[in-house]
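*Asks:* My questions all concern the structure below.
The values are calculated or read from the model by the stated rules, or taken from the named source; none is laboratory data. Remember, it's a predicted structure, so these values are computed and weren't measured experimentally. All Cβ positions, even for glycine, are placed from backbone atoms using ideal geometry, and neighbour counts span all protein chains on display.
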Amino acid sequence: MANNFYTLFIKNNNLNENLNIDQLSSLFTYTIDEKKSQKEVMYDLVLDSASLELSHGFNEEVILKLNDINGFSQDVQDEVINQIQKMDFDIALAIEMLGGSNQVFKNILINYLNEYSNIDETINELLETNDFDSIRKIIHKIKGVSLYLGSEKLLYIATLTEQKIYDLKVTKEDIRSFINYHNRMLEYIRKQV
């Protein structure tokens with residue numbers, strides 16, 4: 001089921017009359033901003049408002065072409081969410097990284113949940129005191145294990161956020177976006193164990 005966990009970037013801000021923004025806003029958190037580079041922020045999906053092509057925000061592969069947003073049926077929504085989750089979490093990649101061991105993979109997931117299930121609380125406390133160096137250290141640790149979880153996207157987002165902290169260009173919104181994505185990963189991991 002689609003919810004505001006999934007973010008959408010709308011590019012080519014010439015909103016087609018067939019595009020029902022009210023319905024779209026009930027499906028995704030979205031932004032319309034042609035000036036913002038997609039590489040500055042990681043969106044789950046990118047909608048080209050001119051062609052109505054819906055693509056992955058991470059690998060830019062086209063998922064589908066919409067006829068109009070009103071035709072965004074529950075089946076289509078479910079397929080889009082399924083495609084996002086495949087991009088978020090690749091079990092085959094994780095098992096390959098772990099030498100083919102399903103058991104080691106399950107153990108990593110369990111250990112990860114034990115260590116990082118409440119990390120959002122810790123990061124939020126650090127955010128209140130502007131302790132970005134401690135936040136960077138946590139994100140660095142998560143980055144180090146991300147491929148063992150099967151998430152190239154988590155690796156990318158962690159790397160991007162860590163670099164913004166190093167460059168002193170990170171915002172609290174960047175950190176909150178990282179937390180939101182990480183919480184989504186945790187939810188998916190819980191379903192695997």
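*Asks:* Here is a list: Glu128, Glu187. Which entry is loosely packed, with under 14 Cβ neighbours inside 10 Å, closer than 22 Å to Tyr6 by Cα and without any contact (Cβ under 8 Å) to a residue 12 or more places away in the chain?
*Replies:* Unique residue meeting the criteria: Glu187.
*Asks:* Further question: Please list, ordered by first then second residue, the pairs with beta carbon atoms under 8 Å, 6 or more apart or interchain, first in segment 134-148 and assigned by TED's automatic domain parsing to the domain that holds Ile165, second assigned to a helix (DSSP H, G or I) and among the aromatic types (Phe, Trp, Tyr).
*Replies:* Listed by first residue and then by second, the contacts come to Arg136/Tyr166; Ile139/Phe178; Ile142/Tyr116; Val145/Tyr112; Tyr148/Phe105.
*Asks:* Within segment 110-141, track down each residue that is of a type in the set (A, V, I, L, M, F, W, C) and within 18 Å of Ile189 (Cβ to Cβ).
*Replies:* Ile110, Leu113, Ile119, Ile123, Ile138, Ile139, listed by residue number.
*Asks:* Select from segment 72-104 the residues that are in contact (Cβ under 8 Å) with a residue 24 or more places away in the chain and either among the charged types (D, E, K, R) or under 24 Å from Ile139 (Cβ atoms) (or both) and list them in ascending order.
*Replies:* Asp78, Ile84, Gln85, Met87, Asp88, Phe89, Asp90, Ile91, Leu93, Ala94, Met97, Leu98
*Asks:* Could you look through segment 74-96, keep only residues that are polar (S, T, N, Q) and at pLDDT 80 or above, and pick out the one that is surrounded by the most Cβ atoms within 10 Å (Cβ to Cβ)?
*Replies:* Per the criteria, the residue is Gln83.
*Asks:* Of these, Ile157, Ile142, Ile138, Ile123, which one is at pLDDT 95 or above, closer than 19 Å to Gln85 by Cβ, touching a Phe, Trp or Tyr at 6+ places or on another chain (Cβ under 9 Å) and of a type in the set (A, V, I, L, M)?
*Replies:* Ile142
*Asks:* Looking at Gly57, Gly71, Gly100, can you tell me which residue is modelled with pLDDT of 90 or more and either farther than 30 Å from Lys164 by Cα or among the small types (Gly, Ala, Ser) (or both)?
*Replies:* Unique residue meeting the criteria: Gly100.
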